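Step one of this worksheet: look at the structure below.
The values are calculated or read from the model by the stated rules, or taken from the named source; none is laboratory data. The model shown is predicted, which means the values in this text are computed figures rather than measured ones. For neighbour counting, all protein chains shown are included, and Cβ atoms are generated from backbone atoms with ideal geometry for every residue, glycine included.
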Amino acid sequence: MRNNILLCGNPNVGKSSIYNILTHSHEHTGNWTGKTVELSTKKIVGTDYYLVDLPGIYSLSSLSEEENIAKMTMLFSDYKSIIYVVDATQIEKNLNLLFQILQINKNIILCINMIDELENKNIKLDTNKLSNILGIKVIKFSTYKNIGYNELIEAIKEDNYCEYNYYYNDEIEKHINNISSYLPVGFNNRYMSISVLNKDEYLVKYVKERYGINLENNDVKNYIMNINSEEISDQISIKINTLSRIVTNEVFKKSSENNISLLDKIFSNKIYSIIMMTFIMFLIFLITITLANYPSDLLGELFNKFEYFIYKLCLNFNIPKVIYEPILFGIYRVVTFIISVMFPPLVIFFIMWTYAEESGILPRIAFNFDKICSYSNCHGKQCLTMCSGFGCNACAVVGARIMDNKRDRIIAILTNSFIPCNGRFPMIIAIITMFLVNSNNKILVSIYLCGFVILAMIISFLISFILSKTILKGYPSFFVLELPEYKKVKLSIILKTSIVYKSLSILKKAILVSIPAGLIIWLLTNININNMSIFLIVSNFLDKFAKIIGLDGNILLSFILALPANEIVLPIIIMGYLGNSNISLISDYMGIKSILLNNGWTVNTAICTILFSLMHFPCGTTLSTIKSEIGYKWAFYSFIIPLITGIVFLLIYNFI
Amino acid sequence: MNLYEADFNKPVIIKNINLHGMKKRRLYDLGFINGEKIVKEFESIFKNPICYQVKNTLIAVRNEDAMSIEVEYEK
């Protein structure tokens with residue numbers, strides 16, 4: 001659209017927060033590369049324009065999907081102008097992309113973000129001089145100190161053409177002109193020629209498919225064959241790099257050398273940092289479990305009291321059983337169970353997770369564990385998708401787009417469901433508490449949990465390795481990773497993102513899924529054929545096979561019925577055992593334990609159930625996400641691979 | 001000398017990158033380019049990759065790749 005404004009810049013320059021401020025919205029922000037994968041578009045409040053948030057990229061060299069999206073949008077979509085965001089403390093690095101973009105479009109505003117950090121870091125930046133040298137409209141901006149909002153809104157309403165021109169040496173200019181003369185008129189011929197020299201295959205293919213124009217026609221091909229295009233392409237990159245350096249030297253003064261953060265030094269090159277990392281993970285679990293316990297108990301009690309109240313009410317008003325039983329004992333119980341058991345740990349986990357994400361800890365994890373990835377023949381960034389799998393597997397599947405290479409991405413997606421997500425943690429914790437620890441000793445529970453999580457990670461890497469040697473042969477693509485500086489994060493931002501945008505949205509999804517699921521399960525357990533509920537008939541049928549792998553028919557059927565959401569496995573197991581008998585308390589551990597014990601559970605059943613929870617088909621949401629990301633075939637594989645792994649693993653476990 | 005062999009905390013200048021295609025482009029994009037100043041900063045737990053500072057940013061590069069980057073000490 002003509003009234004679109006493109007927001008672009010390097011990764012980690014705070015584009016997303018500018019987007020949020022201009023559109024008064026709450027899109028997610030993050031501190032690691034490749035956060036914005038979908039092009040979000042929203043109206044800029046106070047104007048008639050729409051802001052398009054392009055993915056953060058380092059250059060226009062068409063090496064990753066994100067770069068392609070950004071570049072094609074800039075080249076071929078209809079828009080008014082560009083806002084180019086730079087980090088005030090990282091001008092030199094950020095200018096590279098600006099010079100590349102100036103070859104495409106000059107209607108551009110330079111937005112210098114994080115202007116407030118200059119003082120803290122003893123940096124002097126002469127923004128007036130920068131504006132003069134480049135002949136560009138400069139807006140100083142700070143999301144933290146609310147600087148520059150009005151100026152930016154005013155600038156957006158105008159056209160601001162950058163007056164800066166730069167040329168390569170005579171030889172390269174000659175080549176560019178010659179190639180231009182072979183190209184059809186009407187395109188940005190200069191840029192197209194440079195792209196041809198840079199061997200930009202994606203662009204060539206795109207233009208051919210969309211406009212039917214072959215940029216690499218015979219004339220061009222012949223011409224390129226007779227010149228050293230790699231050398232020329234190198235010189236083009238070097239020229240742009242030199243330009244950024246020269247401009248930066250004019251305007252940017254740093255009085256102290258860069259100090260590497262103490263944390264980075266502590267964490268590097270010492271084996272004990274592995275122990276430290278494990279300890280931190282243990283601590284995270286311990287905090288989550290301990291803190292979550294109180295609100296969980298409280299909520300559970302409240303819900304039970306309310307249920308009893310409604311139940312009495314129904315009796316008083318003579319409401320028929322057929323109406324209140326499915327609603328109260330089916331839907332209400334499953335929904336409230338999910339809220340009381342799942343929500344508190346979810347919130348606490350996401351608070352810590354958001355902190356790790358926003359502060360810059362996550363890329364450090366990838367940095368430190370890259371060696372393991374390289375051993376298992378997968379991409380170093382797989383650690384990042386693994387970590388986000390702890391929150392939600394479906395989110396991690398989308399996040400795998402940060403990998404440039406399709407093979408790496410598929411491996412990361414297929415092995416992600418081994419990582420227990422927030423929907424599975426509550427059940428794993430409950431079973432550990434009831435059967436492995438036998439008491440409320442939170443420290444022991446956390447240690448067991450750490451053990452299972454480490455096992456899950458090992459299996460995930462192992463399967464990655466096996467996949468890379470079988471159906472996904474090949475080598476991982478090039479690994480380089482930027483480690484952003486540690487950032488101080490506002491508590492209010494952490495709370496807002498973790499509670500409102502993550503926990504509540506996941507909870508909402510889980511509740512929506514569990515309403516029909518609760519009803520169906522109640523019906524299955526209460527509709528009788530020959531004096532046996534449908535649930536019982538099916539679970540008896542599955543029982544023989546399930547016993548071989550250490551489970552029972554009821555558990556297996558519960559996992560199958562919980563396909564829409566992993567959160568409801570435990571409630572279904574309990575409802576399955578209880579059938580249509582009346583129960584009052586299902587949210588307290590001792591109550592659950594006695595039900596399970598009465599139905600033949602042993603420590604072995606408990607361990608097998610946890611293992612099966614780690615290794616079985618991913619939930620419905622994840623599967624449909626995989627389908628839309630990489631297609632039916634791989635969705636099928638992602639269903640079958642963890643399932644087979646789980647069955648094989650349990651068979652081995654039960655026969656040793 | 002290649003970048004992997006360089007001493008820690010001692011700035012070097014990139015002479016040449018003996019890689020081609022996509023790898024070279026990626027390194028260029030991040031500032032690993034002829035004439036640029038680089039400082040080897042710190043190792044990861046397993047000593048591979050290593051973190052380098054270029055253009056005021058920390059970038060992790062695997063050792064195999066760092067070996068293909070020709071450098072010399074700043075004069």
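The residue list A:444, A:467, A:483, A:436 contains one member that is within 14 Å of chain B (Cβ to nearest Cβ) and of a type outside the set (S, T, N, Q), which is A:483. Being under 20 Å from residue A:394 (Cα atoms) and either among the polar types (S, T, N, Q) or assigned to a loop (DSSP other than H, G, I, E, B) (or both) is a property that holds for residue A:514. Looking across region B:37-46, the residues that are facing chain A (nearest Cβ under 7 Å) and either within 16 Å of residue B:14 (Cα to Cα) or among the aliphatic types (A, V, I, L, M) (or both) come down to B:41, B:45. Check whether at least one residue in region B:8-17 is facing chain A (nearest Cβ under 7 Å) and closer than 29 Å to residue A:199 by Cβ, and report yes or no. No, because not a single residue in region B:8-17 is facing chain A (nearest Cβ under 7 Å) and closer than 29 Å to residue A:199 by Cβ. The set of residues in region A:246-271 being within 12 Å of chain B (Cβ to nearest Cβ), buried (at least 19 other Cβ atoms within 10 Å of the Cβ) and at pLDDT 90 or above consists of A:248, A:252. Of all the criteria given as (1) buried (at least 19 other Cβ atoms within 10 Å of the Cβ); (2) closer than 19 Å to residue A:253 by Cβ; (3) within 32 Å of the chain's Cα centre (by Cα), the one not satisfied by residue A:138 is (3). The criterion of being outside any helix (DSSP H, G or I) and under 19 Å from residue A:13 (Cα atoms) holds for residue A:108. With the requirement that a residue be at pLDDT 90 or above and within 29 Å of residue A:511 (Cα to Cα), what does region A:435-444 give you? Residue satisfying the conditions is A:435 alone. If you check A:458, A:431, A:413 for being of a type in the set (A, V, I, L, M, F, W, C), surrounded by fewer than 18 Cβ atoms within 10 Å (Cβ to Cβ) and assigned by TED's automatic domain parsing to the domain that holds residue A:640, only one passes: A:458. Scan region A:359-400 for residues that are over 23 Å from residue B:63 (Cβ atoms), in a helix (DSSP H, G or I) and away from every other protein chain (no Cβ under 14 Å) and the total you get is 15. Residue A:110 meets all of the listed conditions (1) buried (at least 16 other Cβ atoms within 10 Å of the Cβ); (2) in contact with a helix residue (DSSP H, G or I) (Cβ under 8 Å, 6 or more places away or on another chain); (3) more than 19 Å from residue A:7 (Cβ to Cβ) but one, namely (3).
Taking residue A:442 as the residue in question, decide whether it is charged (D, E, K, R), assigned by TED's automatic domain parsing to the domain that holds residue A:386, surrounded by fewer than 23 Cβ atoms within 10 Å (Cβ to Cβ) and farther than 24 Å from residue A:348 by Cβ. Criteria not met by residue A:442.
Checking A:596, A:623, A:614 one by one, the residue that is out of contact with any Leu (no Cβ under 9 Å at 6 or more places or on another chain) and either buried (at least 17 other Cβ atoms within 10 Å of the Cβ) or not assigned by TED's automatic domain parsing to the domain that holds residue A:431 (or both) is A:596 and no other.
Here is the figure for region A:419-428: residues that are in contact with a Leu (Cβ under 6 Å, 6 or more places away or on another chain) and either surrounded by fewer than 20 Cβ atoms within 10 Å (Cβ to Cβ) or not in a loop (DSSP other than H, G, I, E, B) (or both) total 1. Just to be sure before I move on: is residue A:453 touching a Ser or Thr at 6+ places or on another chain (Cβ under 7 Å) and in the same structural domain as residue A:590 (by TED's automatic domain parsing) in the structure I sent? So residue A:453 does not fit the description; no.
Matching residues to (1) surrounded by 18 or more Cβ atoms within 10 Å (Cβ to Cβ); (2) in a loop (DSSP other than H, G, I, E, B); (3) out of contact with any Phe, Trp or Tyr (no Cβ under 6 Å at 6 or more places or on another chain); (4) of a type in the set (Ser, Thr, Tyr):
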{"position": "A:175", "(1), (2), (3), (4)": "yes, no, yes, no"}
{"position": "A:190", "(1), (2), (3), (4)": "no, no, yes, no"}
{"position": "A:194", "(1), (2), (3), (4)": "yes, no, yes, no"}
{"position": "A:207", "(1), (2), (3), (4)": "yes, no, yes, no"}
{"position": "A:215", "(1), (2), (3), (4)": "yes, yes, yes, no"}
{"position": "A:244", "(1), (2), (3), (4)": "yes, no, yes, yes"}
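The combined condition, being at pLDDT below 85, surrounded by 14 or more Cβ atoms within 10 Å (Cβ to Cβ) and within 21 Å of the chain's Cα centre (by Cα), is fulfilled by residue A:504. Residues of region A:53-99 being of a type in the set (A, V, I, L, M), at pLDDT 90 or above and not in a helix (DSSP H, G or I), which ones? The answer is A:82, A:83, A:85, A:86. When region A:460-511 is filtered for residues that are polar (S, T, N, Q), in contact with a helix residue (DSSP H, G or I) (Cβ under 7 Å, 6 or more places away or on another chain) and part of a helix (DSSP H, G or I), the ones remaining, listed by number, are A:460, A:464, A:468, A:497, A:498, A:503. Among the residues of region A:433-459, those that are of a type outside the set (A, V, I, L, M) and not in a loop (DSSP other than H, G, I, E, B) comprise A:433, A:435, A:442, A:446, A:448, A:450, A:451, A:452. Residues that are assigned to a helix (DSSP H, G or I) and touching a residue at least 12 places away in the same chain (Cβ under 8 Å) were ranked within region A:196-205; the one that is surrounded by the most Cβ atoms within 10 Å (Cβ to Cβ) is A:196. Only residues in region B:47-58 that are within 7 Å of another protein chain (Cβ to nearest Cβ) count as the first member; pair them with residues that are of a type in the set (Gly, Ala, Ser) and in a strand (DSSP E or B), Cβ under 9 angstrom, at least 6 apart or cross-chain, and list the lot. From region B:47-58, the pairs are B:49/B:60; B:51/B:60. Take the conditions (1) more than 34 Å from the chain's Cα centre (by Cα); (2) surrounded by fewer than 19 Cβ atoms within 10 Å (Cβ to Cβ); residue A:119 misses just one of them, which is (1). For region A:218-226, state whether one or more residues are of a type in the set (Val, Ile, Thr), within 14 Å of another protein chain (Cβ to nearest Cβ) and in contact with a helix residue (DSSP H, G or I) (Cβ under 7 Å, 6 or more places away or on another chain). The answer is no; no qualifying residue exists. Pairing each residue of region A:339-351 that is in the same structural domain as residue A:442 (by TED's automatic domain parsing) with any residue that is in a helix (DSSP H, G or I) and of a type in the set (D, E, K, R), provided the two are 6+ apart or on different chains, yields C-beta distances under 7 Å for A:342/A:567; A:350/A:502. Under the condition of being assigned to a helix (DSSP H, G or I) and either in the same structural domain as residue A:73 (by TED's automatic domain parsing) or of a type in the set (Val, Ile, Thr) (or both), the residues counted in region A:177-188 number 1.
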